[in-house]
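Trainee: Pasting a structure here, questions to come.
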Amino acid sequence: RGPEAPAADLAGRHVVVSAGGTREPLDPVRFLGNRSSGRQGYALARTAAARGARVTLVAANSELPPPAGVDVVPVGTAVQLREAVVKAATDADAVVMAAAVADFRPAAYAQGKIKKKDGAEPEPVALVRNPDVLAEISAARSRPGQVVVGFAAETDDVLANGRAKLARKGCDLLVVNEVGERKTFGSTENEAVVLGADGSETAVPHGPKEALADTVWDLVAGRLA
Ligand code: CTP
Ligand code: CA
């Protein structure tokens, strides 16, 4: 499919994409975060808009420019991301969770900047679990036939880990990125396999994030039809 003439197979659909990485504050100046750039989620938002969808992009701390024709909802923490995704999902045909959501957040937030105490060892940071947005959205299905997609990076037994995660989350599709060394060439290379709850497996060769995004929307569109 050329970028000049994308299929309008998502016309009339509302899709929600989460992107970026959440930041969990410790105090006014510090947070626990991750290195997600938001690129895959933004590529998903752009390609969905190009295919005719109305797109809500829930963007966690990404510095990328907002894609044209996309409603961007900026969020910071996992709790804020959950609220925005749940709200946008109420009338969504598809929800794609590309964001790196922190599994834990600090149990306490210090209103003032945390200071060192003379000669004292630092206090350990207590953490609590964050809500699992993908599992919640999958269980709720706020609209009949809503398609829910998750992402996972796995090592070791990638497909078995992915299958187990797909079942645990209850989503329709799980995009599994293989991370780590490829045994054939000894170089690091990302490859994705999209696992379907129906048992399907779609291999996506190494390539631009738009290509993976388009494969995801092909699979979503097929399930919406
Ligand atoms: N996810 C989510 N809410 C969380 C954690 C993850 O919605 N609190 C979503 C991510 O956006 C992603 C999918 O779940 O689409 C898989 O994330 P991953 O971190 O691989 O799954 P976890 O269940 O957190 O498993 P792990 O212990 O391997 O981190
Ligand atoms: Ca996790």
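Values in this text are rule-based calculations from the coordinates and carry no lab data. Small disclaimer: the values here were computed from a predicted structure and weren't measured. Every residue, glycine among them, receives a Cβ derived from its backbone with ideal geometry; neighbour counts consider all protein chains shown.
Trainee: Ranked highest first by the average count of other Cβ atoms within 10 Å around their residues, in what order do 217-225, 96-104, 62-70 fall? Working shown, then result.
Mentor: Details: 217-225: 17.7, 96-104: 23.2, 62-70: 14.1.
Going by the mean number of other Cβ atoms within 10 Å, highest first, we get 96-104, 217-225, 62-70.
Trainee: Please label the shape of the stretch 83-165 as rounded, prolate or oblate, based on the square roots a ≥ b ≥ c of the eigenvalues of the alpha-carbon gyration tensor (a/c under 1.5 means rounded; beyond that, a/b larger than b/c means prolate, else oblate). Kindly include the intermediate steps, with their values, before the conclusion.
Mentor: Details: a/c = 4.02, a/b = 1.80, b/c = 2.23.
Since a/c reaches 1.5 but b/c is at least a/b, the shape of the stretch 83-165 is classed as oblate.
Trainee: Based on the Cβ-Cβ distance of Asp9 and Arg129, what FRET efficiency does E = 1/(1 + (r/R0)^6) give at R0 = 30 Å, to the nearest 0.05? It would help to have the intermediate numbers written out before the result.
Mentor: On the way: r = 38 Å, r/R0 = 1.26.
Computed FRET efficiency for Asp9 and Arg129 comes out at 0.20.
Trainee: Using Stokes-Einstein with the Kirkwood hydrodynamic radius over Cα pairs, what translational diffusion coefficient do you get for the chain at 25 °C and a viscosity of 0.890 mPa s, in µm²/s rounded to a whole number?
Mentor: Numbers: Rh = 18.5 Å.
Result for D is 133 µm²/s.
Trainee: Sticking with this one: For the pair Asp118 and Arg141, how long in nm is the line joining their label points, each one 7 Å along Cα→Cβ?
Mentor: Once both label points are built, they end up 6.4 nm from each other.
Trainee: For Ala153 and Leu224 in the same chain, what is the full-extension length gain: residue separation times 0.36 nm, less their Cα-Cα distance, in nm?
Mentor: On the way: separation 71, 0.36 × 71 = 25.56 nm, distance 2.57 nm.
Working it through step by step, the gained length comes to 23.0 nm.
Trainee: Evaluate the charge dipole of the chain about its Cα centre and quote only its size in Debye, nearest 20, assuming +1 on the Cβ of each Lys and Arg and -1 on the Cβ of each Asp and Glu.
Mentor: Details: 27 positive and 28 negative charges, 119 e Å.
Approximately 580 debye in magnitude.
Trainee: Hey, another quick one. Please work out the FRET efficiency for the pair Glu201 and Thr90, using the Cβ-Cβ distance as r and a Förster radius of 45 Å; give the result to the nearest 0.05. Could you put the intermediate results ahead of the total?
Mentor: Values: r = 31 Å, r/R0 = 0.69.
Here the calculated transfer efficiency is 0.90.
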